[in-house]
Amino acid sequence: MSEVDSAELFQHPDRNLAMELVRATEAAAIRATPWIGRGDKNAADQAAVDAMRKFLSTVNFSGLVVIGEGEKDHAPMLFNGEIVGTGNGPLCDIAVDPIDGTSLTAAGRSHAISMIAVSERGSMLDASSVFYMEKIVASHEAIGVVDISLPIGENIRALAKAKNKAVEDMRIAVLDRPRHEQLIADIRAVGAGTRLILDGDVAGGINAARHDTRIDMCVGIGGSPEGVATACAVKALGGFMQGRLSPTTDEEKQRGLDAGLRFDHIYGVNDLVSGDNTFFVATGVTDGELVRGVRRDGPIISTESIVLRARSGTIRRVSADHQASKWLGD
Ligand code: VTB
């Protein structure tokens with residue numbers, strides 16, 4: 001490496017912010033653990049929010065919360081528009097979900113995660129005025145093959161062909177909601193199997209975009225904020241994603257139009273988050289296919305996380321042992 005090259009590298013250290021952010025999702029998951037199966041989703045969420053915010057405040061960056069706990073009036077912390085981090089370092093957009101799956105956590109069910117996605121400032125779509133988005137997520141084989149405007153049966157057949165699989169072996173993740181009754185029937189009619197998920201279509205989407213899972217596609221209408229967060233992960237995984245906003249009322253549609261959103265538009269992964277400098281981290285709260293939940297074994301609390309960085313395309317699994325004694329009290 002020439003002197004100039006190494007000097008450049010020193011000035012622009014190729015930092016993996018996600019390696020620092022993972023501490024915040026670990027903390028949120030650990031703090032939420034006492035609330036697993038206690039039937040109180042607000043308490044679980046509050047514990048996770050407090051912990052995440054505390055750890056985020058130590059990270060050298062200026063993160064504008066584009067996707068957070070909601071509007072300032074209702075969310076005292078991690079509200080949309082809040083700036084988190086030390087304020088030194090890169091200007092970023094940040095999407096946080098201290099627990100995706102608060103109901104899962106409160107019920108003691110699997111697949112709850114704590115997650116953060118980060119990208120350059122101004123690069124995340126602010127879809128907060130429209131709650132729902134129809135999404136389709138799959139691995140890279142779907143690029144140029146799958147299209148959200150086609151019937152689901154056609155998409156499944158096309159993806160099966162591209163993956164060199166039998167349609168009968170295709171597994172399609174869908175949120176188990178009455179609004180998906182027809183979609184579920186159509187998936188089964190073509191001969192594929194559904195993997196119905198109770199909550200958590202971020203983890204479902206990531207599992208669809210990863211190459212080594214039993215899920216081939218994640219489809220259906222879920223939260224728009226979750227869609228943007230999923231896109232940050234899909235970039236790092238080199239996968240495929242499309243979204244279409246799905247307003248439920250005329251008022252919501254008008255709010256979306258006023259905010260510059262489009263309803264006739266198919267949002268590709270680059271519309272949901274632009275640029276390749278995206279990061280995504282998630283820690284398991286309860287056990288799931290993506291990551292294991294928090295465990296306590298005597299003096300040790302162990303966590304499992306996934307740490308993704310789009311620019312390098314790295315996917316890391318971070319297993320951490322934490323001393324339980326250090327996590328007592330505040
Ligand atoms: C999904 C799911 C989330 O919201 O986005 C869903 O991934 C959409 O809303 O975990 P509905 O529950 O109204 O269908 C969650 O369930 C909760 O944020």
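The values are calculated or read from the model by the stated rules, or taken from the named source; none is laboratory data. Everything quoted here is computed from the prediction, not taken from an experiment. Ideal geometry is used to build each Cβ from the backbone, glycine not excepted, and the neighbour counts take in all protein chains shown. Note: accessible area is taken over every heavy atom of the protein model, side chains too, but ligands, DNA and RNA are not part of it. Shrake-Rupley method; radii C 1.70, N 1.55, O 1.52, S 1.80 Å.
Give me the distance in nm between label points sitting 7 Å out from Cα along the Cα-to-Cβ direction at LEU150 and LYS165, one decimal.
The two pseudo-label positions are separated by 1.6 nm.
Between TRP327 and PHE263, 0.36 nm times their residue separation minus their Cα-Cα distance comes to what? Mind showing how you got there, number by number?
On the way: separation 64, 0.36 × 64 = 23.04 nm, distance 4.64 nm.
Going from the current span to full extension adds 18.4 nm.
Of all beta bridges DSSP finds with both residues in the chain, what is the antiparallel percent, to the nearest 5?
80 percent
So for the range 259-309, what are the equivalent ellipsoid semi-axes in whole Å, largest first, each being the square root of 5 times an eigenvalue of the Cα gyration tensor?
In descending order the semi-axes read 36, 13, 9 Å.
Roll a 1.4 angstrom probe over the protein heavy atoms and tell me the percent of accessible area of the chain that is carbon or sulfur.
48 percent
Working from the alpha-carbon coordinates of the chain, get Rg over Rh, Rh being the Kirkwood radius.
Expressed as Rg/Rh, it is 0.97.
Under 16 Å Cα to Cα from LYS253, which aspartates and glutamates show up? Leave out anything in the same chain fewer than 8 places away.
ASP126, GLU134, ASP264
Helix-derived [θ] at 222 nm for the chain: sum -39500 (n - 2.57) over DSSP H runs of at least 4, divide by residue count, nearest 500?
It comes out at -9500 deg cm²/dmol, rounded to the nearest 500.
Return one whole number: the accessible area per residue of the range 146-199 in Å², for a 1.4 Å probe.
Heavy-atom SASA per residue in the range 146-199 reads 52 Å².
Taking all pairs of distinct Cα atoms, average 1/r, flip it, and tell me the Kirkwood hydrodynamic radius of the range 130-270 in Å to one decimal place.
Mean inverse Cα-Cα distance, inverted, gives 15.0 Å.
Going by average Cβ neighbours within 10 Å, how do the peptides 259-267, 95-103 rank, with the highest at the top?
Ranking, from highest mean packing down: 95-103, 259-267.
Just tell me which aspartates and glutamates come within less than 15 Å, Cα to Cα, of LYS165; anything on the same chain fewer than 8 places away is out.
The reachable aspartates and glutamates, counting only those whose Cα sits under 15 Å from LYS165, are GLU141, GLU154, ASP212, ASP216.
Evaluate the charge dipole of the range 130-270 about its Cα centre and quote only its size in Debye, nearest 20, assuming +1 on the Cβ of each Lys and Arg and -1 on the Cβ of each Asp and Glu.
380 debye
How much net charge surrounds ASN155 when only other residues with a Cβ under 15 Å from its Cβ are counted (Lys, Arg +1; Asp, Glu -1)?
For residues surrounding ASN155, the net value is +2.
Once fully extended, how much extra length lies between THR213 and PHE79, figured as 0.36 nm per residue of separation less the alpha-carbon to alpha-carbon distance?
44.9 nm
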